[in-house]
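Working notes for the structure below.
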Amino acid sequence: MRIDIWSDIVCPWCWIGKHRFEQGVAQLGDQAPPLDIHYHAFQLDPVAGPDPVPLREAYQAKFGSAERTEQILTQTQQTGRAEGLPFDFDRGQVRVNTLRAHRLMWLAGREGDVPAVAEALFRAHFAEGRNLADAQTLVAAGAAGGLSAQRVEAMLESDEGLAEVKAQLGQAQALGISAVPSYVIDGRYLIQGAQPPESFARTLAGIAAESAPAQSGDACGPDGCPV
């Protein structure tokens, strides 16, 4: 079963959704279908520049007040921590363009462990307040997915992966994906949002059952097939 996941590293619900999806698969146990998972780029804030801006400052400009900003951050942090994720919005998070981080994800998809790199990037941003456009941050996240520092640095010093990531962004637009996380299953089914683990498990099991070949009472045996 192919799972295409569109997400952005600065989307808190994408981190929460990643863990809920993994929990849903775990709930299926031996009944879980083999999964072929592919991550794709989405940018919640494509106009963000390469220079870091304090996240609270950016949120105040977007949501209109410091009070509303604190309400959003507090609620998000509480939800994340309830999932066992170490959200900490007092670590100096910054608003920055995520294109370089998505290029690292693309590289991990070819040469490393994508879920591990995604996890490291989410943690770097939400738990540690690190700059996701900074080379050191990206090298450390790449190492979590088995990529050498030299390989990540070489990618960052070139345009490698840029066209591919832009193609992923264009594909999301073509598919009408306007919110993340979004999960496309076998190119036919769409799950949007950080659904509860039980919902992921139920949906995956239902699609697997629907896709299973029909069982016939007239199956062929060692002596041939009935006519």
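Relative contact order, whole percent, for the chain stands at 31, derived from Cα pairs under 8 Å and 6 or more residues apart. The residues of the chain present an accessible area of 51 Å² per residue when probed at 1.4 Å with all protein chains retained. So what is the relative contact order of segment 26-119, in percent, for Cα pairs below 8 Å that sit 6 or more residues apart? Relative contact order, segment 26-119: 37 percent. Net charge dipole, segment 121-220: roughly 240 debye, given to the nearest 20, about the Cα centre with Cβ charges of +1 for Lys and Arg and -1 for Asp and Glu. Comparing mean-square fluctuations of ALA101, ALA167, ALA120 from a GNM of the chain with C-alpha springs under 10 Å, the top value falls on ALA167.
Here are labelled values, [x] 123; [y] 157; [z] 111, and one is the computed volume of the Cα convex hull per residue in Å³ for what I pasted. Which one? So the structure-derived entry is [y]. Straightening the chain between GLU22 and ALA82 buys 20.0 nm, computed as 0.36 nm per residue apart minus the Cα-Cα spacing.
What the Cα atoms of segment 158-218 give is an Rg and a Dmax of 16.6, 60 Å. With R₀ set to 35 Å, the beta-carbon distance separating GLN192 from GLN71 gives a calculated FRET efficiency near 0.90.
Considering only ALA174, GLN136, GLN75, the residue lying farthest towards the positive end of the dipole of the chain is GLN75, judged by Cα position with unit charges set on Cβ. Largest GNM mean-square fluctuation across GLU119, GLU83, GLU67, computed for the chain with C-alpha springs under 10 Å, falls on GLU67. Once both labels are positioned 7 Å from their Cα atoms along Cα-to-Cβ, the gap between ALA32 and GLU128 label points is 2.6 nm. Rg over Rh for segment 21-72 works out to 1.26, both radii taken from alpha-carbon positions and Rh defined as the Kirkwood radius.
Dipole size of the chain about its Cα centre, with +1 on Lys/Arg Cβ and -1 on Asp/Glu Cβ: approximately 500 debye, rounded to the nearest 20.
The values are calculated or read from the model by the stated rules, or taken from the named source; none is laboratory data. Since this is a predicted model, take the numbers as computed values, not measurements. Virtual Cβ from ideal backbone geometry, glycine too; neighbours counted across all protein chains shown. Ligands, DNA and RNA are stripped out before the accessible areas are found, and what is left, the full protein with its side chains, is counted by its heavy atoms. Shrake-Rupley method; radii C 1.70, N 1.55, O 1.52, S 1.80 Å.
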